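The values are calculated or read from the model by the stated rules, or taken from the named source; none is laboratory data. All of these numbers come straight from a predicted model, not from anything done at the bench. All Cβ positions, even for glycine, are placed from backbone atoms using ideal geometry, and neighbour counts span all protein chains on display.
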Amino acid sequence: MNAINQPSTLVKTLNELAPMSDYSLINTLTPDPEATKNGVDHFPRQVFSGHYVPVNPTPIKEPHYVAHSKIFFSELGLDDSLAQNKDFIRMFSGDLSDVPHPLQKIGWATGYALSIYGTEYYQQCPFKTGNGYGDGRAISILEANIKGQRWEMQLKGGGKTPYCRGADGRAVLRSSVREFLAQEHMNSLGIPTSRSLSLITSKSEKVKRPWFTQGSHSRDPEVMIEESVAITTRVAHSFLRVGQFELFGRRASKKEHTEALVELSAIVLHLIDREYNDVIDKNLSIEKKVILLAAEFRNRLTSLVTNWIRVGYCQGNFNSDNCAAGGFTLDYGPFGFMDMFDPKFQPWTGGGDHFSYFNQPQAAERNFHMFCKALKPMIETNESALNQLEEIENGFSLVMQEKMEKMWASKLGLSQFEAELYKELVMLMMKTHVDYTIFFRELSSIPTDITPFIKSFYNESFSDEKILKSWSQWLDKWKSLIHNSPQSHEALSAQMKRVNPKYTLREWFLVPAYQQAANGDYSLIGELQEVMTNPYEELSYEMEQKYYRKKPSQFFLVAGISHVSCSS
């Protein structure tokens with residue numbers, strides 16, 4: 001990479017950021033041949049070929065700074081002052097009209113297919129063909145090489161695209177606050193994720209969204225509310241999704257047009273270059289590249305979902321279009337961090353059991369199946385390669401199980417997985433209704449008796465002698481196993497606390513943050529940034545009292561807190 005791309009001092013202006021731009025996707029892949037040249041392409045239409053559509057973002061009116069990720073800015077070598085620079089705010093609120101050269105004045109959106117739990121769907125496309133489904137309000141505006149890494153920057157809520165399906169192309173402040181905080185929290189938990197750059201709202205532009213009445217227990221939105229629009233800039237090495245490969249795989253297998261297989265091969269090679277160039281040699285044959293890609297994606301996807309389970313996270317809507325082909329967390333819509341332990345925890349009312357907490361490994365396997373299916377047209381004439389791909393695909397569940405068992409052992413501070421101890425624990429956690437995060441954090445202190453567990457109990461189990469006895473018996477079994485550890489209890493405790501976070505981003509923390517933000521008070525967003533980017537740390541007494549506690553009883557079953565309808 002050229003020296004010009006390596007900032008020696010902190011970047012303070014767009015003029016200093018501009019030379020780092022390097023638009024590999026639009027320089028390497030094929031645009032929709034029917035797209036406009038000026039990026040004015042804001043109404044639903046079918047896109048039959050090409051990897052992306054050039055499209056202008058629609059700037060929000062009277063943009064106003066809310067927050068930025070100081071941690072991510074530091075990693076990128078950006079000065080904090082840049083976040084409130086008027087040129088930066090203009091660009092990252094959707095106005096590219098005056099960006100300095102060589103920054104591009106037109107962004108891009110991509111199409112993708114949809115499968116839900118391994119079943120192909122077309123009806124979400126307004127044309128029922130699959131040619132109108134994709135980035136309806138997410139518009140990428142920059143690719144750059146910064147400090148040796150390639151990053152793509154995308155505006156969530158950046159306006160209409162040809163894939164908008166008749167919607168307004170906007171995101172509201174409420175959902176933008178959720179995503180902004182969640183991405184940086186997930187990164188601090190040590191789990192691969194898209195990142196948050198900045199959060200900008202509008203002083204005057206509002207849209208209407210379906211939502212719940214105050215204190216409602218309804219499963220469906222009851223009213224339309226007016227909310228301020230916002231744009232959060234999310235950043236990743238790429239935003240290539242399994243759904244994109246499905247789209248091009250479907251077109252290639254059906255021979256929908258003469259360039260379908262060429263387009264599939266091109267986007268697969270682009271994925272390898274963007275996400276897997278450190279593990280896949282560019283000089284290998286296409287067959288070998290495909291096999292290595294499938295194996296490495298399987299490794300990343302199984303590790304990702306294992307880590308979600310580790311911290312009590314449920315994606316809520318793990319369709320193929322919400323599954324990043326780079327193996328990281330993407331699309332924080334109806335996500336949730338679990339309070340009371342429940343294997344069927346599902347924050348989204350439309351998600352069903354198939355996307356619930358303990359079913360996430362199965363959902364991931366279905367997405368992986370669709371990914372492998374999409375790759376097959378590239379190697380269909382090579383029987384050996386097809387057999388290898390099938391072997392990798394069929395091995396997903398075994399790899400997933402091995403990683404899950406290793407994860408549970410680490411949460412319990414054990415050198416190996418103990419199936420009976422684990423099963424007994426799951427039954428006790430369900431019977432006692434324990435707070436998942438608090439229980440494992442208290443266990444990490446290596447308690448001598450079950451007294452510390454009681455602070456994690458949601459029901460009256462602390463007065464049930466039979467349940468307390470069962471917990472004592474379980475603790476004795478666990479202690480007999482850790483006594484065999486070569487580590488001291490202090491070292492083991494420290495190790496477990498690096499696995500079991502003290503703080504997770506519970507929905508009832510988020511609600512007051514976005515409610516206050518709607519009134520122009522962003523202080524709670526800043527406070528949550530500080531706490532949730534230090535999830536394993538022992539923070540101040542004040543922060544512990546505020547954020548290390550069980551969900552208050554009055555929030556259970558309340559709409560918008562215990563469950564949500566969809567992202568907006």
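Looking at the structure I just gave you, is Asp273 in contact with a strand residue (DSSP E or B) (Cβ under 6 Å, 6 or more places away or on another chain), touching a residue at least 60 places away in the same chain (Cβ under 8 Å) and outside the structural domain of Glu143 (by TED's automatic domain parsing)?
For Asp273, the condition - in contact with a strand residue (DSSP E or B) (Cβ under 6 Å, 6 or more places away or on another chain), touching a residue at least 60 places away in the same chain (Cβ under 8 Å) and outside the structural domain of Glu143 (by TED's automatic domain parsing) - is not met.
On the given criteria, is Thr36 within 30 Å of Thr258 (Cβ to Cβ), without any contact (Cβ under 8 Å) to a residue 60 or more places away in the chain and surrounded by fewer than 17 Cβ atoms within 10 Å (Cβ to Cβ)?
yes
Out of Ala559, Ala491, report the one residue that is more than 29 Å from Leu412 (Cβ to Cβ) and among the hydrophobic types (A, V, I, L, M, F, W, C).
Just one listed residue meets the conditions, Ala559.
Which of the residues belonging to region 30-55 are within 25 Å of the chain's Cα centre (by Cα) and among the aliphatic types (A, V, I, L, M)?
Those that are within 25 Å of the chain's Cα centre (by Cα) and among the aliphatic types (A, V, I, L, M): Val53, Val55.
Looking at region 45-98, which of the residues that are among the acidic types (Asp, Glu) and in a loop (DSSP other than H, G, I, E, B) is nearest to His257 (Cα to Cα)?
Asp95
Name the single residue, out of those in region 78-98 being farther than 16 Å from Ala230 by Cα and either in contact with a strand residue (DSSP E or B) (Cβ under 7 Å, 6 or more places away or on another chain) or outside the structural domain of Lys203 (by TED's automatic domain parsing) (or both), that is surrounded by the fewest Cβ atoms within 10 Å (Cβ to Cβ).
Asp79
So, in region 434-453, how many residues would count as being under 24 Å from the mean Cα position of the chain (by Cα) and among the acidic types (Asp, Glu)?
Counting residues in region 434-453 that are under 24 Å from the mean Cα position of the chain (by Cα) and among the acidic types (Asp, Glu) gives 1.
Yes/no per residue for (1) under 26 Å from Phe337 (Cβ atoms); (2) surrounded by 24 or more Cβ atoms within 10 Å (Cβ to Cβ):
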position: Gly166; (1), (2): no, no
position: Ala182; (1), (2): yes, no
position: His185; (1), (2): yes, yes
position: Ile191; (1), (2): yes, no
position: Ser196; (1), (2): yes, yes
position: Lys206; (1), (2): no, no
position: Ser216; (1), (2): yes, no
position: Glu226; (1), (2): no, no
position: Thr233; (1), (2): yes, yes
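To keep it simple, each residue is scored yes or no on (1) modelled with pLDDT under 95; (2) of a type in the set (D, E, K, R); (3) within 30 Å of Gln416 (Cβ to Cβ); (4) outside any loop (DSSP other than H, G, I, E, B).
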| residue | (1), (2), (3), (4) |
| --- | --- |
| Gly333 | yes, no, no, no |
| Lys344 | no, yes, yes, no |
| His354 | yes, no, no, yes |
| Glu393 | no, yes, yes, yes |
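Does region 411-418 contain at least one residue that is assigned to a helix (DSSP H, G or I) and of a type in the set (A, V, I, L, M, F, W, C)?
no
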